[in-house]
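Below: the structure, in structure tokens.
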Amino acid sequence: MESLQKKNDIIVIAEAGVNHNGDFSMAMELINQASLSGAQYVKFQTFKTENITTLNAKKAEYQQKNELIDETQFEMLKSLEIPLKWYPKLINYCNQKNIKFLSTGFDEESIDLLDRLDIELFKIASGEITNKKLLKHIASKNKDIILSTGMAEFKEIHEAIQTLILGGIKKEQIIVLHCCSQYPTPLCDVNLFAMLDLKKRLNINVGYSDHTEGIDVPIAAAALGAKVIE
């Protein structure tokens, strides 16, 4: 893959996440819609529930507020895992639709799976930015990395980048995404100047992970130099 640093075009990632809800036909439709949007990537989430939560973990407050059924965090996540047999079919369908398959890995076993599937870059979720063990494991694969920073302090972002570099990744292989972890994010809280501040203070390529409604903010982020819009 051409280095992220050398790409002239803005990379657009359509977020599918876990919105397939465990339904294969829904996952295929998410790919279809992402392709129609013109995005270069469609991104899912890859995890093994046993590796990221305990049997008795409670749901987050916002999840409890919106839940339709009574279930634990473990049960909810288990229902949202992508079965192994889906991956070849999803990747093949992406190829047919001229869009690239991408998935955020949340544990080492999942990173190894994505590596075996020859996924060309790794996306690191905001919540894993202080998970240095996982960061080192991702760095060992020596692939380009997109790092989200929602809720992280500058010190944590800097340490995450240093962890990746010490693991063997070059700075030019990393793009840092400014991200506000509100769903949806009010326009008054976007603060795209934070993206520019990250670029200046870290001397690194930056992008924007968008949770606002509409397209105005991503367009503004692109105009300000975002290399990735998610």
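The values are calculated or read from the model by the stated rules, or taken from the named source; none is laboratory data. Here the structure is a predicted model, which is why all the values come from computation and not from measurement. Reconstructed Cβ throughout: ideal geometry from the backbone, glycine too, with neighbour counts over all protein chains shown. With ligands, DNA and RNA removed, areas are computed over all heavy atoms of the protein, side chains included. Shrake-Rupley method; radii C 1.70, N 1.55, O 1.52, S 1.80 Å.
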With an 8 Å Cα cut-off and a minimum separation of 6 or more residues, compute the relative contact order for the chain in percent. 19
What whole-number value in Å² describes the accessible area per residue of region 95-139 for a 1.4 Å probe? 45
If you take the square roots of the eigenvalues of the alpha-carbon gyration tensor of region 127-230 and sort them as a ≥ b ≥ c, do you get rounded (a/c under 1.5), prolate (a/b over b/c) or oblate? prolate
Taking all protein chains as present, what is the carbon and sulfur share of the accessible area of region 77-168, in % to the nearest whole number, probe 1.4 Å? 50
For region 79-179, would you read off the P(r) tail past 21 Å as a percentage of all alpha carbon pairs? 35
Rounding to the nearest 20 debye, state how big the charge dipole of the chain is about its Cα centre with +1 on each Lys and Arg Cβ and -1 on each Asp and Glu Cβ. 780
Can you compute the helix-only [θ] at 222 nm over the chain? Use -39500 (n - 2.57) per DSSP H run of at least 4 residues, normalise by all residues, nearest 500 deg cm²/dmol. -11000 deg cm²/dmol
Just check region 119-162 against the gyration tensor rule for me: Cα atoms, a ≥ b ≥ c as the square roots of the eigenvalues, rounded for a/c under 1.5, and otherwise prolate or oblate depending on whether a/b exceeds b/c. prolate
Per residue convex hull volume, Cα only, region 132-183, in Å³ is 78
Let me have the relative contact order for region 63-165, percent, based on Cα pairs under 8 Å that are six or more residues apart. 20
Tensor-based shape of the chain (alpha-carbon gyration tensor, a/c under 1.5 rounded, otherwise prolate or oblate): rounded
Starting with the highest mean, order 93-104, 185-196 by the number of other Cβ atoms within 10 Å, averaged over the residues of each peptide. 93-104, 185-196
Relative contact order (%) - criterion: Cα under 8 Å, at least six apart; region: region 101-230: 18
